[in-house]
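Structure, as structure tokens:
The values are calculated or read from the model by the stated rules, or taken from the named source; none is laboratory data. The structure displayed is predicted, hence computed values, not measured ones. Virtual Cβ from ideal backbone geometry, glycine too; neighbours counted across all protein chains shown. The accessibility values were calculated without ligands, DNA or RNA, using every heavy atom of the protein model including side chains. Shrake-Rupley method; radii C 1.70, N 1.55, O 1.52, S 1.80 Å.
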Amino acid sequence: MIHAVLALALAATGPRLEGSVAAGAGYDSNLNHSAAGAAASGVRPVDAAFAFAGAGAGVSLDLGGSTSLFGGLRLDAERYADVADLGSTSGGVEAALVQELGSRVALVAAPSATLTWTGDPARDVVALAVRLTLRVKPIRDVALRAWAGWAERDAADPVFSSRSLRLGGSLEWSPAARTFLSAGWSETRGEEVFYRRVAGGTFGPGMGRRVDTFGSNEEAYRADALSRSVSAALEVGLGGKVHLFGSWVFRRVTSDEPTFDAHVVTAGLGVRI
């Protein structure tokens, strides 16, 4: 196996360095995963603005013919207004193996590993993930993608750990040079963190952790859930390697626990190197 990998690397054309940086701000309508009306949990939705920044760098290799490989590092940070526990800094490694299956079809396998530190040490997490994507370009300016993925999050406190399976798809259209519009959907089956008010310092049934992340005495606990989301995104080149981007995501989570909805909107500025 090692000899085969070395042979591919030796057959490849010279490596290409790639990198990107981005920063922006956003808004989340339901940070604490509260059900509408909060009748079941006694917890009202908490919304907040947030700021984010990230950078990535790596090397791309053409392994001959229709195969290419990318490997790189990422560093990201996110901070929420008035919700310090959810602020995070993460570093990780990522890779992507691309196999072209003709002029219009490609298969992409993308594993990643990330270590995240948060404002609440109980939420610090090691995450492993892999995604397999099928990309089809029926015409030059349109790309269709369907993907399946698996993720596992191992947190310092098991309440914030999870395993999940995801399916999704997207449609991307480039109406002009360096301009991209996309719409997507996804479905995730796994575990979610929920919160409920606790009185007198006692916990409700099941495994939980007392938190005051959102300004009141609550219990965080996890439960099986089904999450469905739809999204839209826009990217516009500004000249050179600079671009503006924005996105909107609506997510609905259903489970035996309270069902909740959330909207997340982001906008920012990026540079590709």
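Using the Cβ atoms and a cut-off under 12 Å, what net charge is assigned to the surroundings of Asn32, where Lys and Arg are +1 and Asp and Glu are -1? Working shown, then result.
Numbers: positive: Arg44, Arg196, Arg197; negative: Asp28, Asp47, Asp85, Glu192, Asp212, Glu218, Glu219.
Summing Lys/Arg as +1 and Asp/Glu as -1 gives -4.
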Practice problem: Please work out the FRET efficiency for the pair Glu152 and Leu181, using the Cβ-Cβ distance as r and a Förster radius of 35 Å; give the result to the nearest 0.05. | Solution: 0.60
Quiz prompt | Dipole axis of the chain (+1 Lys, Arg; -1 Asp, Glu on Cβ), positive-most option in Trp147, Ser255, Val98 | solution = Val98
Quiz item: Modelled label-to-label distance, Arg197 and Ser174, 7 Å Cα→beta-carbon offset: nm?
Solution: 5.3
Quiz item: Can you pull the three principal axis extents for the Cα set of the chain, in Å, largest first?
Solution: 67, 44, 29
Quiz item: Over what distance in Å are the Cα centres of the range 213-243 and the range 101-152 separated?
Solution: 16
Self-check item: Positive minus negative residues near Ser216 (Lys, Arg vs Asp, Glu; Cβ under 10 Å)
Solution: 0
Quiz item: Counting only heavy atoms of protein chains, what accessible area per residue, in Å², does the range 182-273 have with a probe of 1.4 Å?
Solution: 53
Self-check item: Accessible solvent surface per residue of the range 14-152, calculated while the other protein chains remain in place, 1.4 angstrom probe, Å²
Solution: 51
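Rounded, prolate or oblate for the range 74-224? Axes are the square roots of the Cα gyration tensor eigenvalues, ordered a ≥ b ≥ c, and the cut-off for rounded is a/c under 1.5.
On the way: a/c = 2.42, a/b = 2.30, b/c = 1.05.
Note, shape of the range 74-224 comes out prolate.
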Practice problem: Report the paramagnetic label zone for Leu115: residues of the range 58-79 whose backbone N is under 16 Å from a point 7 Å from Cα along the Cα-to-Cβ axis. | Solution: 73-77
Quiz item: What does the charge add up to near Ala151, with Lys and Arg as +1, Asp and Glu as -1, over the other residues with Cβ less than 14 Å from its Cβ?
Solution: -1
Quiz prompt | Farthest toward positive dipole pole in the chain [+1 Lys/Arg, -1 Asp/Glu at C-beta], among Gly169, Gly14, Val242 | solution = Gly14
Practice problem: Can you tell me the 0 to 90 degree angle between the C-alpha axis of helix 2-11 and the longest principal axis of the chain, rounded to 10? | Solution: 60
Quiz prompt | With every protein chain in place, the chain: carbon and sulfur % of accessible area (1.4 Å) | solution = 64
